[in-house]
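To keep things clear, I will list the structure first and then write my remarks on it.
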Amino acid sequence: MDKLTMQTPDKTRENFAALSKSFPNAVTESIDENGVVVRAIDADVLRQEINTRVVSGKEERYQFTWPDKKKAVLLANTPIAATLRPCREESVDFNSTENLYIEGDNLDVLKLLRETYLNRVKMIYIDPPYNTGNDFIYEDDFSEDASEFLARDYQYDEDGNRMVRNLDSNGRFHTDWLNMMYPRLRVARDLLAEDGVFFISVDDNEVENLKKICNEIFGRDNCLGTIVRSTGQTTGQDSGGLGSSFDYIIVYAKTPEILLAGLPLTQDDIKRFENEDEKGKYAYDQMRKTGSNDRRADRPNMYYPVKDPDGNYVYPIGPTGYESCWRFERKTYDKLVEQDIILWKKAKKNGTEVWWPYVKYYLEGRTKRPSPLWTDLEGNKKASRDVRAIFDGLKVFDYAKPTELITRILTITPQSENGLILDFFSGSATTAHAVMQLNAEDGGKRKFIMVQLPEKCDAGSETAKAGYKTICEIGKERIRRAGAKIKAGNADKEGIAILDIGFRVLKLDSSNMKDVYYTPQNMVSPSGTFQLNLDGLIDNIKPDRNAEDLLFQVMLDLGLPLSSKIEQRNIGDIAVFSVADNYLMACFDRATDAIVTEIAKSKPYYAVFRDSSFAGDATLVNFEQIFKTYSPSTLRKVL
């Protein structure tokens, strides 16, 4: 049996191991400032191996940096010992839903999700604090080292959060915001699928800085552009400069091959398709490129002759007689001819009527490329009023994003219909609302993960007076109400009965395991004598944790989706959990030979037990033999 780690991986160790595997001769040892021997990479050897210039020290190079950037990188890779505890009473359809609502600091949550959801998230949208001087930002402690960070008990302060105001009088105004964003984006990128897309809302205050750190994290070639969105109102009326009526959404992909999906055509777009043949309505456009810079010298492979209906050769000649080029290569042209998509029409060229080729574009199934300027969506005030309407007139959120905005983002995300959608600055849960709405409209099976810090509502606010203590309570209630409204509004639609409008609530907390689980060496004193800790020896699990708490931390440790189907079975009077149809079976209660045998006969991929729960030494001795008899391939784990 192997012991579960019950903590996130140390990414710095993984990165060092990967580098060591590729360049073992560059691995060496050095002495740190405390006189301790530490692992190291010999830069001179590495320079020789990669045969390129290695920039180090104060040598000039192009880079974007700020105070504590190195610590921000370390923070992204440092492991944590924390868990997500399920909360059934606040969930909706806990047993059947595939959606998650997670309360807690999003950096810690992202780290916990990293291994389970590595490369699995189709689209990430976030609307982080804009750093205006009044917004809250997350406060990450840069004063502690990695060991202190690991040992820290991940609890919130008495207000339920770890946040401070970042006033513009602060000398670290931009630095603090960058240190907050950088590690979260680094970890979130690992979750994004290879064909996934990342959308980030931002305003003028940090848009330049955000693009620079995103270029570093995702790669400049993976930037798909910047959307400029009308907010519907102008701010900065009391300033001497221009007011602001827009914010921005920068868009990055995991890989440069990604193409955004098209948007549905408007009625004005459809008017162009005025021609019709046996295949349907179509519009057409010239086959020759019409840009003034599209010349043969620039695209020689797109300059070739084609035969007109009279058998004459036609070349892509521009209106002033220069050699231009067609829109595509010869092999593409031949395919379009086979498909009968090339249209020949008479046209005047230099005063003479000649045949000229055009390309048909059929209406059926056609979309249009997204524009970077979005001025046709509802503004922020309308969005806030819509949220207020969901809450029967109660003003619950001042800066909600429009549901229509997130719906459009989902629409242009390629092949998102069955994808996993993540928003780790969930706020009023607009993203969850949009996912459910679009699923109802197009029959998609999108799943969402919302992550939000349980920031307290202002004591004198309408929401606090109405009984909502935190933003999380507002977000969860919005999902409940919006889901019910969407289902009622589409009652006559086929398949609406199985629309997933539920969510599992999980809450970030310290590990279920006592400190002795992670630091058994601390039971030995500096003098080498054994320090007896009977409580730690008898049970290494915290007394306030239950079996389902343990199950979810085990699922995280083993990489099982947190939305997996969970069944609780009773073998005699002992509770046994089955996750994902026996992929994992876990028993945290008294494990007898009979219990172990029944679990082994079910042939799970993983079987997990508490180390202290075996009925006796005989059962522990028989354990391995029982599994070798009934299910030798099962991976056995203990905690």
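The values are calculated or read from the model by the stated rules, or taken from the named source; none is laboratory data. Being a predicted model, the structure only gives us computed values, none of them experimental. Every residue, glycine as well, gets a Cβ built from its backbone with ideal geometry; the counts of neighbours run over all protein chains shown.
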Exercise. Scanning region 278-288 for residues that are farther than 14 Å from Arg330 by Cα and surrounded by 14 or more Cβ atoms within 10 Å (Cβ to Cβ), which turns out modelled with the lowest pLDDT?
Worked result: Gln286
Exercise. Would a scan of region 213-223 turn up a residue that is modelled with pLDDT under 95, closer than 17 Å to Tyr125 by Cβ and of a type in the set (Asp, Glu)?
Worked result: no
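Considering region 176-214 alone, what residues qualify as being assigned to a helix (DSSP H, G or I) and either free of Cβ contacts under 8 Å to residues at least 12 places away in the same chain or small (Gly, Ala, Ser) (or both)? Lay out the reasoning, then the answer.
Step one: list which residues in region 176-214 are assigned to a helix (DSSP H, G or I), which gives 176-191, 207-214.
Selection gives Ala188, Glu208.
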Exercise. Going by the conditions given, is Val387 in contact with a Ser or Thr (Cβ under 7 Å, 6 or more places away or on another chain) and under 27 Å from Pro264 (Cα atoms)?
Worked result: yes
Problem set entry | For Phe149: the one exception among (1) in contact with a helix residue (DSSP H, G or I) (Cβ under 6 Å, 6 or more places away or on another chain); (2) modelled with pLDDT under 55; (3) hydrophobic (A, V, I, L, M, F, W, C) | (1)
For this session: Could you pull out the residue among Val207, Val197, Val228, Val187 that is assigned by TED's automatic domain parsing to the domain that holds Tyr125 and in contact with a helix residue (DSSP H, G or I) (Cβ under 6 Å, 6 or more places away or on another chain)?
Result: Val187
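Here's the yes/no breakdown for (1) more than 23 Å from Gly262 (Cβ to Cβ); (2) assigned by TED's automatic domain parsing to the domain that holds Tyr282; (3) among the acidic types (Asp, Glu); (4) touching a helix residue (DSSP H, G or I) at 6+ places or on another chain (Cβ under 7 Å):
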| position | (1), (2), (3), (4) |
| --- | --- |
| Pro309 | yes, yes, no, no |
| Asn312 | yes, yes, no, no |
| Thr320 | yes, yes, no, no |
| Arg330 | yes, yes, no, no |
| Gln339 | no, yes, no, no |
| Lys345 | yes, yes, no, no |
| Thr352 | yes, yes, no, no |
| Lys381 | yes, no, no, no |
Problem set entry | Among (1) part of a helix (DSSP H, G or I); (2) among the polar types (S, T, N, Q); (3) at pLDDT 95 or above, the one test that Asn622 misses | (3)
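Do we have Arg478 as under 19 Å from the mean Cα position of the chain (by Cα), buried (at least 19 other Cβ atoms within 10 Å of the Cβ), within 26 Å of Met181 (Cβ to Cβ) and charged (D, E, K, R) here? Talk me through it step by step, then tell me what you get.
Working: under 19 Å from the mean Cα position of the chain (by Cα): no; buried (at least 19 other Cβ atoms within 10 Å of the Cβ): yes; within 26 Å of Met181 (Cβ to Cβ): yes; charged (D, E, K, R): yes.
The answer is no for Arg478.
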For this session: Tell me, please, whether a residue that is out of contact with any strand residue (DSSP E or B) (no Cβ under 8 Å at 6 or more places or on another chain) and at pLDDT 95 or above can be found in region 517-533.
Result: no
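Okay, residues lined up against (1) surrounded by fewer than 19 Cβ atoms within 10 Å (Cβ to Cβ); (2) assigned by TED's automatic domain parsing to the domain that holds Lys111; (3) under 18 Å from Ser511 (Cα atoms):
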position	(1), (2), (3)
Pro543	yes, no, yes
Asn546	yes, no, yes
Asp549	no, no, yes
Met555	no, no, yes
Val576	no, no, no
Ala580	yes, no, no
Cys587	no, no, no
Tyr605	yes, no, no
Phe614	no, no, no
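Could you run through region 106-132 and say how many residues are among the acidic types (Asp, Glu) and part of a loop (DSSP other than H, G, I, E, B)? Give the steps one after another, and end with the answer.
To start, the set of residues in region 106-132 that are among the acidic types (Asp, Glu) comprises 108, 115, 127.
Filter once more, keeping what is part of a loop (DSSP other than H, G, I, E, B): 115, 127.
Within region 106-132, residues that are among the acidic types (Asp, Glu) and part of a loop (DSSP other than H, G, I, E, B) number 2.
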Exercise. In region 602-625, what count of residues is obtained for those that are under 21 Å from Val554 (Cα atoms) and in contact (Cβ under 8 Å) with a residue 12 or more places away in the chain?
Worked result: 15
For this session: Would you be able to say whether some residue in region 438-445 is in contact with a helix residue (DSSP H, G or I) (Cβ under 6 Å, 6 or more places away or on another chain) and at pLDDT below 95?
Result: no
For this session: Just name the residue that is farthest from Leu118 (Cα to Cα) out of those in region 417-455 that are over 13 Å from the mean Cα position of the chain (by Cα) and of a type in the set (Gly, Ala, Ser).
Result: Ala440
Seminar exercise, completed: Checked region 69-105 for anything at pLDDT 95 or above and part of a helix (DSSP H, G or I); matches are Arg88, Glu89, Glu90
Problem set entry | Residue check, Tyr303 over 28 Å from Lys349 (Cβ atoms) and in contact with a Phe, Trp or Tyr (Cβ under 8 Å, 6 or more places away or on another chain) | no
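Among what's in region 46-68 and is within 19 Å of Ala17 (Cα to Cα) and in contact with a Phe, Trp or Tyr (Cβ under 7 Å, 6 or more places away or on another chain), pick the residue that is modelled with the lowest pLDDT. Before the answer, list the steps.
Looking only at region 46-68, we keep the residues that are within 19 Å of Ala17 (Cα to Cα), and these are 46-47, 49-50.
Filter again for in contact with a Phe, Trp or Tyr (Cβ under 7 Å, 6 or more places away or on another chain), leaving 46, 49.
On the way: Leu46: 73, Glu49: 67.
So, considering only residues that are within 19 Å of Ala17 (Cα to Cα) and in contact with a Phe, Trp or Tyr (Cβ under 7 Å, 6 or more places away or on another chain), the one modelled with the lowest pLDDT is Glu49.
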Problem set entry | Cβ-Cβ under 6 Å pairs, at least 6 apart or on other chains, region 89-111 side closer than 15 Å to Pro454 by Cβ, far side of a type in the set (Ser, Thr, Tyr) and in a loop (DSSP other than H, G, I, E, B) | Asp108/Tyr154
Problem set entry | Residues of region 18-39 that turn out to be more than 33 Å from the chain's Cα centre (by Cα) and free of Cβ contacts under 8 Å to residues at least 12 places away in the same chain, as a count | 11
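Could you list, in sequence order, all residues of region 477-515 that are charged (D, E, K, R) and modelled with pLDDT under 95?
Initially, region 477-515 is screened for residues charged (D, E, K, R), giving 477-478, 480-481, 485, 487, 492-494, 500, 504, 507, 509, 514-515.
Scanning region 477-515 gives Asp492, Lys493, Glu494, Lys514, Asp515.
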